[in-house]
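The values are calculated or read from the model by the stated rules, or taken from the named source; none is laboratory data. Please read all numbers here as calculations on a predicted model, not as lab measurements. No Cβ is skipped: glycine too gets one built from the backbone with ideal geometry, and neighbour counts run over all protein chains shown. Surface areas here come from the heavy atoms of the whole protein model, side chains and all, with no ligands, DNA or RNA. Shrake-Rupley method; radii C 1.70, N 1.55, O 1.52, S 1.80 Å.
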Amino acid sequence: MKKQIILLAATVFTFGACQQSPEKKKQESTNKVSEMELISSKDFTTFKVSGDIDMYRVTFKNQYKMEVVGHLFVPKHFDRHQKHPALVVGHPMGAVKEQSADLYASTMADRGFITLSIDLSFWGESAGDTRNAVLPDVYAEDFSAAVDFLGTRPFIDKERIGVLGVCGSGSFVISAAKIDPRMKAVATVSMYDMGAANRDALNHSQTLEQRKQIIADAAQQRYVEFSGGETRYTGGTVHQLDENTPPIQREFFDFYRTSRGAYTPKGGSPETTTHPTLSSNTKFMNFYPFNDIETISPRPMLFITGDQAHSKEFSEDAYKRAAQPKELYYVKDAGHVDLYDKTDLIPFDKLETFFKQYLK
């Protein structure tokens with residue numbers, strides 16, 4: 001009898017563990033409902049949106065239940081009872097959606113796509129503490145979560161979703177696309193391989209000893225922060241220019257520290273914008289986005305870089321490793337940051353043709 005009672009109890013426990021209360025089911029259902037709030041582009045200062053586009057602030061969860069915040073751009077003339085192609089757009093490393101990502105997203109929406117620019121986790125309005133932390137696997141996951149969101153909208157064709165990454169996000173969309181075949185076409189602009197850039201620096205100018213010193217400094221900083229000490233930041237864009245400021249830093253300064261592109265997200269600080277945390281930045285040392293890039297084929301890839309860009313080595317490397325169909329497109333007389341916002345140089349015609357061809 002005692003054995004039967006034990007078995008019955010075990011059965012009840014197992015059954016109960018597999019069931020969900022109505023309250024829990026209701027809560028999970030509520031969590032799956034993503035918010036869409038119509039907003040005015042006038043609230044944002046670093047880009048302009050056509051009057052023919054509706055702009056929404058949207059929120060959704062990534063696979064790790066972290067809230068991702070984005071801007072959704074929908075052409076006003078689109079019939080929302082039909083399904084349309086869509087693009088996810090990612091911002092440069094250290095930036096936020098209100099800067100170049102929104103410019104690309106709003107312009108591509110004006111060219112016939114529904115577009116979603118996102119803040120990567122730990123940046124902008126998206127979740128994640130410590131702020132400005134580096135976690136490239138989660139960055140890639142955010143793009144897949146954006147596809148989750150878009151692919152479940154009734155007015156979007158889930159079989160026609162592409163991704164576009166600017167600067168550092170170029171390497172994150174490649175990382176994501178390698179394991180997410182729902183991304184049907186991949187484009188990058190002014191791409192940085194954030195792994196190689198941190199391991200080797202530009203043109204492989206950083207020695208192994210220098211790399212080891214960076215790793216050692218970051219490791220010691222972990223003790224400081226674990227003990228409640230102050231968070232330290234690294235990299236990013238300088239806040240002042242002097243006679244010793246190198247040309248590449250001047251290029252970034254002209255965008256991030258002037259009215260051209262400066263933007264401080266809500267709850268952020270001008271002193272920390274663009275700067276990742278020192279203790280987490282070494283996560284990039286283990287980031288190899290171009291490994292197995294050929295497995296993305298036969299989905300197409302487009303690499304856009306300025307022919308004067310200090311970063312063009314990364315697009316050239318990715319192109320060399322990728323399988324067909326692929327294209328490397330040089331923008332004449334353009335530098336790296338030029339393609340963040342200079343609409344007279346950004347090849348939007350090329351992007352439109354690429355995505356319309358492969359998302360048809």
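For the residues F303, F354, F287, F314, the requirement of being touching an Asp or Glu at 6+ places or on another chain (Cβ under 6 Å), modelled with pLDDT of 95 or more and surrounded by 16 or more Cβ atoms within 10 Å (Cβ to Cβ) singles out F314.
Is at least one residue of segment 328-340 open to solvent by 10 Å² or more (accessible area, probe 1.4 Å), in a helix (DSSP H, G or I) and either out of contact with any Ser or Thr (no Cβ under 8 Å at 6 or more places or on another chain) or modelled with pLDDT of 95 or more (or both)? Yes, segment 328-340 contains at least one residue that is open to solvent by 10 Å² or more (accessible area, probe 1.4 Å), in a helix (DSSP H, G or I) and either out of contact with any Ser or Thr (no Cβ under 8 Å at 6 or more places or on another chain) or modelled with pLDDT of 95 or more (or both). Scanning segment 226-250 for residues that are part of a helix (DSSP H, G or I) and open to solvent by 50 Å² or more (accessible area, probe 1.4 Å) yields F226, P247, I248, R250.
Does segment 90-107 contain any residue that is small (G, A, S), assigned to a loop (DSSP other than H, G, I, E, B) and either modelled with pLDDT of 95 or more or out of contact with any Asp or Glu (no Cβ under 8 Å at 6 or more places or on another chain) (or both)? Yes: one or more hits. Considering only residues in segment 108-123 that are in contact (Cβ under 8 Å) with a residue 60 or more places away in the chain and in a loop (DSSP other than H, G, I, E, B), the one that is nearest to L150 (Cα to Cα) turns out to be F113.
Inclusion of L278 among residues that are in contact with a His (Cβ under 8 Å, 6 or more places away or on another chain), surrounded by 14 or more Cβ atoms within 10 Å (Cβ to Cβ) and among the aliphatic types (A, V, I, L, M) is not warranted. Filtering segment 52-92 down to residues that are surrounded by fewer than 16 Cβ atoms within 10 Å (Cβ to Cβ) and among the polar types (S, T, N, Q), which residue is farthest from the chain's Cα centre (by Cα)? Here the answer is Q82. Taking each residue of segment 233-245 that is over 23 Å from Y192 (Cα atoms) and looking for partners that are surrounded by 15 or more Cβ atoms within 10 Å (Cβ to Cβ) with beta-carbon atoms closer than 7 Å, six or more apart or interchain, yields L241/F253. Report yes if K320 is without any contact (Cβ under 8 Å) to a residue 12 or more places away in the chain and either surrounded by 14 or more Cβ atoms within 10 Å (Cβ to Cβ) or in contact with a Ser or Thr (Cβ under 9 Å, 6 or more places away or on another chain) (or both), otherwise no. Considered against the rule, which asks whether it is without any contact (Cβ under 8 Å) to a residue 12 or more places away in the chain and either surrounded by 14 or more Cβ atoms within 10 Å (Cβ to Cβ) or in contact with a Ser or Thr (Cβ under 9 Å, 6 or more places away or on another chain) (or both), K320 comes out as no. Residues considered: S126, S171. Of these, the only one that is assigned to a loop (DSSP other than H, G, I, E, B), more than 22 Å from P85 (Cα to Cα), small (G, A, S) and touching a strand residue (DSSP E or B) at 6+ places or on another chain (Cβ under 8 Å) is S126. Residues in segment 204-225 that are surrounded by 11 or more Cβ atoms within 10 Å (Cβ to Cβ) and more than 14 Å from S280 (Cβ to Cβ): Q206, T207, Q210, R211, Q213, A216.
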